[in-house]
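Here's the structure, in structure tokens; my notes come after.
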Amino acid sequence: MGIDGAPTTQFLSFHAPIQKKNIGLGLKIVNDQAAVIKNFSAEGMFSYALGLGSGKLSAGIETGIINQSTDFTNLIRHDATDNVLTNDKQTKTTFDLSFGLFYQTKTFFMGWSSYQLTKSEINYTGASRSMIARLWNHNIGIIGYNFGTEEKLRFEPSILIKQVANVPLQFDVNFRGTYKQLVSLGVSYRNSESIVFMTDVIINDSFKVGYAFDYTISGLADYQSGGHEVMFTYRKKLLPPARDKETHPRFYIY
């Protein structure tokens, strides 16, 4: 908030298990715009899960297309006759592929994912020299622990680590508490960047609403007033397979 052309993102996802086959299917659509660049992606997801020790190990792939549109006409140019830049709006589409692993028990979870494995190039034409954008590989790791009781209070500390080439390593330290599986409150620290306050409320068995506010602590704090995120979730609780009578929210709800 407070900066012209600040990024805005809309994110829609759907996922569900085919429990007897140990398979998960999903769809993810993202629309992201920052200044003159707009990215739209539509990707399908497939995962397979198997029992490992006291928990479950899942491996998944995500693949689809990324459409990038850049409006060169809205750039602020110091040199109006800069021949490196075109004077039009260009749209390019490329293929994307990602992979991830996730292990979970009733009290512990950890995962790793690697996005944009193809490192596809986006080649813009019409300038005096080639302008090539690249989808850089992003690696994300998470580890967390659950303790307490679902009937009263349950707590979940976790750490999320993000790595991209030529960019400082970023990590989020998170802590969330949930009361009777109805209301959650949490806080997250993103190193040298922001403190995030978050909450979500279970309206009924099907609907959940969440909100998060990013309070900036970096040098950008003098120029903007934080960021807002609103989340709506619809979910359907599934009965466990006939061979497994024990259910757990992480296995069958989310």
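Just need a number here: residues in the range 176-197 that are surrounded by 18 or more Cβ atoms within 10 Å (Cβ to Cβ) and under 18 Å from residue 235 (Cβ atoms).
The qualifying residues number 3.
Looking only at residues in the range 118-153 that are touching a Lys or Arg at 6+ places or on another chain (Cβ under 9 Å) and of a type in the set (Lys, Arg), which one is modelled with the lowest pLDDT?
134
Read through the list (1) open to solvent by less than 80 Å² (accessible area, probe 1.4 Å); (2) within 30 Å of residue 181 (Cα to Cα); (3) not in a strand (DSSP E or B), then give the number of the only condition that residue 159 fails.
All conditions pass for residue 159, except number (3).
Within the range 134-156, how many residues are under 18 Å from the mean Cα position of the chain (by Cα) and not β-branched (Val, Ile, Thr)?
So the answer is 7.
For residue 110, only one of the following conditions fails: (1) part of a loop (DSSP other than H, G, I, E, B); (2) modelled with pLDDT of 95 or more. What is its number?
(1)
Taking only the range 100-139 into account, find how many residues are open to solvent by 50 Å² or more (accessible area, probe 1.4 Å) and closer than 21 Å to residue 167 by Cα.
The number of residues fulfilling the criteria is 10.
Quick one: in the range 29-38, which of the residues that are surrounded by 14 or more Cβ atoms within 10 Å (Cβ to Cβ) and not β-branched (Val, Ile, Thr) is nearest to residue 49 (Cα to Cα)?
31
If you take the residues of the range 199-243 that are in contact with an Asp or Glu (Cβ under 9 Å, 6 or more places away or on another chain), open to solvent by 60 Å² or more (accessible area, probe 1.4 Å) and at pLDDT 90 or above, which of them is nearest to residue 1 (Cα to Cα)?
228
Out of 162, 119, report the one residue that is without any contact (Cβ under 8 Å) to a residue 24 or more places away in the chain and charged (D, E, K, R).
Exactly one residue qualifies, and that residue is 119.
Do we have residue 144 as part of a strand (DSSP E or B), farther than 20 Å from residue 103 by Cβ and open to solvent by less than 50 Å² (accessible area, probe 1.4 Å) here?
No; evaluated as a whole, the condition is false for this residue.
Being open to solvent by 80 Å² or more (accessible area, probe 1.4 Å), of a type in the set (A, V, I, L, M, F, W, C) and closer than 24 Å to residue 112 by Cβ: is that true of residue 169 here?
When the stated conditions are applied, residue 169 passes them.
Within the range 57-91, track down each residue that is closer than 22 Å to residue 39 by Cα, surrounded by 15 or more Cβ atoms within 10 Å (Cβ to Cβ) and of a type in the set (S, T, N, Q).
Once the filter is applied, which keeps residues that are closer than 22 Å to residue 39 by Cα, surrounded by 15 or more Cβ atoms within 10 Å (Cβ to Cβ) and of a type in the set (S, T, N, Q), the range 57-91 yields 63, 67, 68, 69, 70, 86, 90.
Spot the failing condition for residue 26; the list is (1) open to solvent by 50 Å² or more (accessible area, probe 1.4 Å); (2) closer than 26 Å to residue 135 by Cβ, and only one is missed.
(1)
The values are calculated or read from the model by the stated rules, or taken from the named source; none is laboratory data. Owing to the predicted nature of the structure, the values given are computational and were not obtained by experimental measurement. Counting neighbours? That spans all protein chains shown, and the Cβs are built from the backbone with ideal geometry, glycine included. SASA here: full protein model, heavy atoms, side chains in, ligands and nucleic acids out. Shrake-Rupley method; radii C 1.70, N 1.55, O 1.52, S 1.80 Å.
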